[in-house]
Structures are given as C-alpha cells and as structure tokens.
Amino acid sequence: MSHRYAVIGNPVEHSRSPTIHAQFARQTGIDLEYGRILAPVDGFVAAVERFRDEGGSGLNVTLPFKLDAFAWAARHSARATEAGAVNTLRFDADAGGSAWGDNTDGAGLVRDLCERNGFALAGRSVLLLGAGGAARGIVGPLLDAGVTRLVVANRSRANAERLAEKFAARAVHPVCVALDAIEPGFDLIVEASGSGLRDERVPIVDEVFEAASLAYDLYYAASPTAFVRQARGAGCRAACDGLGMLVEQAAESFLDWHGVRPQTDPVYSALREALHIGSTPQRPPSQ
C-alpha cells in the first residue's frame, strides 16, 4: 500500500523534496507518493487537515508555515519544542491521526557540516546571521554539537534577542550583537537571513570573513550565492551553500516517517548535477 506525503508551503513549486524522497524511496524499497501543496498564507490549517483527512501520512513544512505547524501539532519532539518551529509532521494512526511535529533543520546542518564538509563543531565559535524561521531550528543542534560561543546578528535587534532568549537556559547560550558591531573571531559564519534570495551582500566587514574557517549559506543555487561570493572575495578559507543540509534534513524526515535512514551522498550528487540547469537561488531546507 502506497503512503502519501507532501511538502506544504507558499511558494512551493520550486521544492526539490519530491525528487529527494522519490530517490530515498527507491533506495529503501518503500512505496510512497510525494507531492506539493500550495497553501494560502492564511489557510495552512485547513490545507493540512484536508490532506490528513484524505489519507495523508505526513508533511514537510516550508516557509512561511513552520511556526503555524508548531502551533497546530498536538505533540512535538524535544528539538521542535526548543526551536518553537516544525518542519516535519507525522499523522499517527495509533494516536487517532493526531500530528507529531519535529524540526530536522539543525540535525541536517550539523550532519552536513561534520560529515560532508569535515568541519568539527566542538569548541568552535559561530556567528549566526538571521533570527527567523530558518535560524530557529539550528541553534539547539549547534549547541548540542559542542559549540562554545554562538553570536546572533540580525537587522531587527528585537528578533535576535527573542531568539537568544529561547536558549537562555543553556549553559552556553546565544548572545546578540548589532551587524555593524561584529568583529573578527569566528570559526564558522552561518547565513540564515535570506540574503541569497535577495542576491545582496551581508553588511559585515571583510575581516570577519577573512578570519573564519568556513562560511555556510543555508540557501543554495547552481552558481555561488551572493553570500558565498562575498565570503570567498573577502578571503574566507572555505565557503559553501546549503544543498547538503537540504538533503540531510530530508533524510531525518524520512527517518521520522519510515524508521530507516537513507543514503544521502548519491542524492546530493544527483541534485548538485541537476542544479546546473538553472542558477536561481532556492529556498532554504525542509523543502
């Protein structure tokens, strides 16, 4: 019996999740259907409940609905609770179809950093640019991986402070700094503000990039994003986009739904090759 899954968002036509999960299904011999749902900005709950009531088994959730998904889900994983955002929904028949929500973004980022890029996080200092939905899911897993300093910078200082407050009880907790006050001293710079979609530079000085070991854009494209170009031009030792995170967070969702983790390297390679057909920056992971 084929099980039905989909990604829900607005917009959603760009999503590569159907391709990714189709490849995972072929690997593992699992029979599934996976589609896209374009939900009205004010119609998330109605769209989700319709999909569930028509026999859907689970959803990936992308922008702008991760906070809505958290509010709607009846139960949450620990990492979704800490993030206050959900990118994976599972409808459990043994719980009357009630939804369980998870957030796989941070786990996907950590796996891509540590395994694909060989970047150990223990003892590292991290600068996080952005404080929205894309940033919420990655803070906890970065701290869990042993990061010893995490600084959040965002155009809206209030949003950065709200994000930091969510993790204030951590032994190592995020602190906030204004974009124009960032000084060199970070091992890793993570771009989660969406500058790649806007094709614009982030307003930090070149010396911050020059001192870093890696600059990582959560967004991805066939050609280097504006952030990756900026980092390389400023002398950062390495810079990459978030395609690997996209694949890894999808594998975490697949594990949530099916209890098996698929191989990600073949899927990553196929997606990277396919991206050469276009160069428009894409939305960040869980899509």
Quiz item: In nm, to one decimal, how far is the residue 237 label point from the residue 41 one, both placed 7 Å along Cα→Cβ?
Solution: 4.3 nm
Quiz item: Roughly how many nanometres apart are two label points built 7 Å out from the Cα toward the Cβ at residue 54 and residue 206?
Solution: 5.4 nm
Quiz prompt | Length-normalised contact order of segment 99-205 in % [C-alpha pairs under 8 Å, at least 6 apart] | solution = 30 percent
Self-check item: Computed [θ] at 222 nm, helices only, for the chain once each DSSP H run of length n ≥ 4 contributes -39500 (n - 2.57)
Solution: -10500 deg cm²/dmol
Quiz prompt | Computed lengthening from residue 149 to residue 270, 0.36 nm per intervening residue step minus Cα-Cα distance | solution = 40.1 nm
Quiz item: So what are the three principal axis dimensions of segment 20-59 from its Cα atoms, in whole Å, longest to shortest?
Solution: 37, 18, 9
Quiz item: So what is the relative contact order of the chain, in percent, for Cα pairs below 8 Å that sit 6 or more residues apart?
Solution: 17 percent
Quiz item: If you average the sequence gap of Cα pairs under 8 Å that are 6 or more apart and divide by the length of segment 1-143, what percent do you get for the contact order?
Solution: 20 percent
Quiz item: In angstroms, what radius of gyration and Dmax does the chain have, counting Cα atoms only?
Solution: 18.2, 57
Practice problem: Just the number, please: carbon plus sulfur as a percent of the accessible area of the chain, 1.4 Å probe, no ligands or DNA/RNA counted. | Solution: 49 percent
Practice problem: For an R0 of 30 angstrom, estimate the FRET efficiency from the Cβ-Cβ distance between residue 19 and residue 159 and round to the nearest 0.05. | Solution: 0.40
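The values are calculated or read from the model by the stated rules, or taken from the named source; none is laboratory data. Note that the structure is predicted; figures quoted are calculated from it, not measured. As a convention, Cβ positions derive from the backbone with ideal geometry for all residues, glycine included, and neighbour counts pool all protein chains shown. Note: areas computed on protein heavy atoms with side chains; ligands, DNA, RNA excluded. Shrake-Rupley method; radii C 1.70, N 1.55, O 1.52, S 1.80 Å.
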